[in-house]
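The values are calculated or read from the model by the stated rules, or taken from the named source; none is laboratory data. As the structure is a computational prediction, the values presented were derived from the model and not from experiment. Every residue, glycine among them, receives a Cβ derived from its backbone with ideal geometry; neighbour counts consider all protein chains shown. What goes into the accessible areas is simple: the full protein's heavy atoms, side chains included, and nothing from ligands, DNA or RNA. Shrake-Rupley method; radii C 1.70, N 1.55, O 1.52, S 1.80 Å.
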Amino acid sequence: MRHNYLDNTPMEKARSEYLSFLSASEYTYKTEKIPSQSASGRVLAEAVYASICSPHYNASAMDGIAVKAKDTYGASESRPVILAAEQYEVVDTGDPVPDGYDSVVMVEDVTELGDGRVSILSAHHPWQNIRQVGEDICMGDMIAPSFTEITPSLCGAFLAGGVLEVKVIKKPVVGIIPTGDEIVSPVAAPGKGEIIEFNSAIFSSMLRQWGAEAKTYDIVKDKKELLRAALEKAVNECDAVLVLAGSSAGRDDYTSSVIASIGQVVFHGIAVKPGKPAVLGAVGNVPVVGLPGYPVSAIVIMDEIVKATVSLWYREKGKKEATVRAVLGKRVVSSLKYQEYIRVSLGKVGDTLAAVPLGRGAGVITSFTKADGILVVPQNSEGYEAGQQVEIKLLKDLSQIENSLIVTGSHDPLIDELSDMLKRKDSSSYITSSHVGSMGAISALKNSQAHLGCIHLLDTETGEYNESYVKKYFPEGGVRLVKGVGRVQGLMVKKGNPLGIKAFADIVKGRYVNRQIGSGTRILCDYLLNKNGIDKAEVDGYRNEEFTHTAVAAIIAAGNADCGLGIYSAAKMYDLDFIEICVEEYDVLISEKAYGTSQVQAFLDVMKSGEFKERLMQMGGYTLG
């Protein structure tokens, strides 16, 4: 096949043709023999046949007495049959039935008369209450065919059939080669310009879930000859190889050319977003996949290509992924050029299963940790509208999703603390949170996409918080406003306050970092700008937007901005100086339909607890009414 350099091959075509290429190149499984009792979860390499019968003798199925069935004929409650001692033998469940006997009478149906005699009240037919030879398994029976996944019960069946060892497909060993001059092994405090290598940990875990073994090699610097040497070593030791990063077309991206130099590149460039610059190739019959460096891009290729490659090893067609239909929470716009994979959070509010898109950056690994599902937008589609029903591939169990409490709105670290406290109180509790700003919370509740939202919306005319917005956007009711906490808002600045910022008007002295449109902090910012007679154009960084208080704090701490509005607890977390501006009301807006549910009531109970108050005091910058 030709080498497509950064082509735009549709995913289905790339996957199908790559698997066909591997099959033709004799990419095939290896086998090993393992003890039957430890074979659960493995896949049979060949059919298994019983070497003995089970049971291999006539066994009593009951505690009682072994008798000759003909001796019991005519017995009834009105005319019991009396047997002498020499006409029966006492047996327990599992005992061999003595020669000459062909039936067992349960002990409950036997009455001892003395002198060894017994009375029975019902006739028994031949082989009643006896497990005859081969009742379960007969010698020569096939217990399981080839390529069957071994279950715990099959392990028992193998042993019952006298099979002490089974031949299984050996788990494929997949080599992982991390690359990059900037990549370093995990450390607590990486230096400037150093990026912790964590992709191999993600992919190793994914491989283990799919039945493969991972073998991670040392990090390879961006030198072509080093990568070639590492790849030559890996293909000789492994059944498949993943090369991390270097798959694009940049100055130091050598993966494609190195694979081509010792093997073959089948595809380079897939029409998916994220994940486009993947390389699909092989050295001999060993698949080699070049994964993009960004983790989310790489996870897409792992799920769509590498997983299918492992399934091919096991001669599986791949299990159908669980999907659900959900209502899309906001509009999704997509490029016509790619099949796009969008992470979503899911939650059931009333009878509606809602899907809310998460961050779409290829490097935003936390969007995958928080995702409940994947929305696939086909190539040549511009996307979907808010309120449209869409199909979601599930990443979590649906029962967990349906039992989750959906919390949205204004960001505050106290939501994470509440989530932890709820989880410690009841391990079956789940909170799904998204930071969409206070106005985003109002929108979500109006559209039945959340159970509750946290808001701190300043009425610039009255100076009051939240109540006027509830009246305006919910004139017919349908929600409850529950008082939350007071929290201190102010300007966060570098330690030592090098620019001498003393009041909000001083933000014009340096670079500002703002919050997103619709957030309560953004509304406060605009109010203070107007109050101080400052034009937005005078603020360097006004359009530099972040979605959380901690993101604002992190940017200031890194020196990418000089100041930004935020809460005291975030400033404390990043050891920043803080100029207090106001104490605002951070309240909880709850859907009336959800208010009486156990999840919401548990949330409110935790909010009232002494432990929550104690945690707030440790964080700093909060007051409780």
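Tell me whether the stretch 479-619 comes out rounded, prolate or oblate; compute the Cα gyration tensor, take square roots of the eigenvalues as a ≥ b ≥ c, and use a/c under 1.5 as the rounded threshold.
Numbers: a/c = 2.54, a/b = 1.77, b/c = 1.43.
Prolate is the answer for the stretch 479-619, as a/c is 1.5 or above and a/b outweighs b/c.
Across the stretch 202-207, coupling constants 3J(HN,Hα) worked out from phi with the 6.51/-1.76/1.60 Karplus curve, θ = phi - 60°, read 5, 6, 4, 5, 4, 4 Hz, and Gly and Pro carry x. Computed from the C-beta positions of residue 12 and residue 446, the FRET efficiency with R₀ = 51 Å rounds to 0.85.
In summary, the convex hull built on the alpha carbon positions of the stretch 275-398 has an orientation-averaged projected area of 8.5 nm².
Summing Lys and Arg as +1 and Asp and Glu as -1 over all other residues whose Cβ lies under 13 Å from the Cβ of residue 166 gives a net charge of 0.
Computed over the stretch 102-210, the P(r) tail beyond 21 angstrom holds 69 percent of alpha carbon pairs.
Between the helical axis of 224-237 and the longest alpha-carbon principal axis of the chain there is an angle of about 20 degrees.
In terms of Cα atoms, the Rg and Dmax of the chain work out to 34.1, 114 Å. Cross-link partners of residue 171 among lysines, defined as those whose alpha carbon lies under 16 angstrom from its own and excluding same-chain residues fewer than eight positions apart: 30, 33, 215, 307.
DSSP finds beta bridges in the chain, and of those with both partners inside it, around 75 percent are antiparallel. The long axis of helix 520-531 is offset from the longest Cα principal axis of the chain by roughly 0 degrees.
At 25 °C and a viscosity of 0.890 mPa s, what translational diffusion coefficient does Stokes-Einstein give for the stretch 114-155, taking Rh as the Kirkwood radius over Cα pairs? Give it in µm²/s as a whole number. Please report the intermediate quantities before stating the final value.
On the way: Rh = 15.0 Å.
Estimated via Stokes-Einstein, D reaches 164 µm²/s.
For residue 423, a cut-off of 15 angstrom between C-alpha atoms picks up these aspartates and glutamates, skipping any fewer than 8 places away in its own chain: 605, 611. Here residue 337 is the anchor, and the lysines within straight C-alpha reach of less than 18 Å, apart from those fewer than 8 places off in the same chain, are 13, 273, 276. Think of a 1.4 Å ball rolled over the protein heavy atoms: the chain then has 47 Å² of accessible area per residue.
Beyond 21 Å between alpha-carbons counts as too far, so tell me which of 509/536; 317/393; 396/608 fall in that bin. Walk me through the intermediate numbers first.
On the way: 509/536 14 Å; 317/393 18 Å; 396/608 30 Å.
Cα-Cα > 21 Å for 396/608; rest within.
Divide by every residue of the chain the summed helix terms, -39500 (n - 2.57) for each DSSP H run of at least 4, and state the resulting mean residue ellipticity at 222 nm, rounded to the nearest 500 deg cm²/dmol. Don't jump to the answer; show the numbers that get you there.
Working: 18 runs with 161 residues, N = 625.
After summing the helix terms and dividing by the residues of the chain, the value is -7500 deg cm²/dmol.
Calculate the tail of P(r) for the stretch 534-606: the fraction of all Cα-Cα distances greater than 19 Å, expressed in %. Please list the in-between numbers first.
Details: 1435 of 2628 pairs.
The calculated P(r) of the stretch 534-606 puts 55 percent of pairs beyond 19 Å.
Local charge for residue 559 was computed over the other residues whose Cβ lies under 10 Å away, with Lys and Arg +1 and Asp and Glu -1, and equals +1.
Quick check: at a probe of 1.4 Å, how many percent of the accessible area of the chain sits on carbon and sulfur atoms? Mind dumping the intermediate values first?
On the way: 14420 of 29180 Å².
Here it works out to 49 percent.
Entry for the stretch 228-310 at q = 0.12, 0.13, 0.18, 0.23 Å⁻¹: log10 I(q)/I(0) = -0.29, -0.34, -0.66, -1.08, Debye formula applied to identical alpha-carbon scatterers, no solvent contribution. In a simple Cβ point-charge model (Lys, Arg +1; Asp, Glu -1; nothing else charged), the chain has a dipole of about 2260 debye relative to its Cα centre.
All other residues whose Cβ lies under 15 angstrom from that of residue 56 are scored, Lys and Arg at +1 and Asp and Glu at -1, for a net of -3.
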